[in-house]
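To start, the structure itself, in structure tokens.
The values are calculated or read from the model by the stated rules, or taken from the named source; none is laboratory data. Just so it is clear, the structure is predicted and the values come from calculations on it, not from any experiment. Heads up, the Cβs are rebuilt from the backbone with ideal geometry, glycines too, and the neighbour counts pull from every protein chain shown.
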Amino acid sequence: MMSTSRFTAPKASAAGAGAPAGSAGTGAAAGSAGTGAAAGSAGTGAAAGSAGAAFLTGAAGALPSRTVAVLEAIKRAILAGELRPGQALVETDLAEVLGVSKTPVREALKTLAGAGLVTMNPYKGAAVRVVDDEQARHVYDARLLLEPEALARAVVLKGAGEAGGDWQPAHAALASADHATSQAERSLANRDFHRELYAGCGNPLLVSMLDDLRGT
């Protein structure tokens, strides 16, 4: 049976994603892309790699609420390193831990596979995706090209009173990281923080691309 002693149940699941980095100011995107936007998740095995809350929103919107809760719980466990890279994701074990039937677990795993957090093999079943060093370098390189531009656009739009108008959500995420009681909580809060920095860039396609990269 898979190890699930630290696995979080759906009600405690976190929405967010991002990657560890520095401060809320100018280094936001650069720090996120350069040092570790996906580093926290990559280091723990999650995602040097793609799964913020947002890049799954579209898919989750079409799912039953129970499946969404299961999806969020599994996603959080992967991003927090509770489910490690390469670890088998056995439907019956997950269903038992989460207190649901296998059906929402199966649907959640399919959605996570489409988002790049999980791999599906017809013979071996589902497993947490493994990201190698070369792929991680490619992800960081792409983020270095895209994330500073997205942040710069968000600064302009917010300065003009558009795109939400302020950075309060980013400050809130940063405060959560400062008060985190574990590395997993800090990593998840930092992922939220960095996403809030570029989410207001005004280009949904650019946001989606960065979301996907952050969960690769």
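Checked against the criterion of being of a type outside the set (Gly, Ala, Ser), more than 23 Å from Ala189 (Cα to Cα), crowded, with 19+ Cβ neighbours inside 10 Å and free of Cβ contacts under 8 Å to residues at least 40 places away in the same chain, region 101-114 has at least one qualifying residue. Which one is nearest to Ser208 (Cα to Cα) among residues in region 50-80 that are more than 14 Å from the chain's Cα centre (by Cα) and at pLDDT 85 or above? The qualifying residue nearest to Ser208 (Cα to Cα) is Val68. Condition (residue is surrounded by 13 or more Cβ atoms within 10 Å (Cβ to Cβ), among the small types (Gly, Ala, Ser) and either touching a Phe, Trp or Tyr at 6+ places or on another chain (Cβ under 7 Å) or in a helix (DSSP H, G or I) (or both)) applied to region 116-134: is it met by at least one residue? Looking through region 116-134, none of the residues is surrounded by 13 or more Cβ atoms within 10 Å (Cβ to Cβ), among the small types (Gly, Ala, Ser) and either touching a Phe, Trp or Tyr at 6+ places or on another chain (Cβ under 7 Å) or in a helix (DSSP H, G or I) (or both).
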